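Throughout, read-outs are computed from the coordinates displayed, never taken from laboratory work. Remember, it's a predicted structure, so these values are computed and weren't measured experimentally. Cβ sites come from the backbone with ideal geometry, for glycine too, and all protein chains shown count toward neighbours.
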Amino acid sequence: MPPTISKLKQRNQLELKTLYIVDENDQKIAVQLDIETFEKIENILENHALYQLMLNNSDEEELNLEDAIKHYKNLCENQCS
């Protein structure tokens, strides 16, 4: 049987709006994020993944900024559709 949710706690840290769900013993069991916060986290993770990819492929041909932006937008369009 899952723990009973006794109350919600709100926390603001680094402009991330999180809502903690706690059980009857005041132990955190889940977190709820508003869509704006989720999108911030998603964006940070995507940027970090792109940075890691760039580091791992540093010996490949380099693109200038304009070509890199076009390439990245093309990747996003193909993955999002």
For a Förster distance of 35 Å, can you work out the FRET efficiency between the beta-carbons of Ala68 and Lys17, rounded to the nearest 0.05?
0.60
So if each residue of separation counts as 0.36 nm, and I subtract the Cα-Cα distance between Asp59 and Asn47, what length gain in nm does that give?
2.3 nm
Around Gln79: net Lys/Arg minus Asp/Glu count, Cβ-Cβ under 14 Å
-2
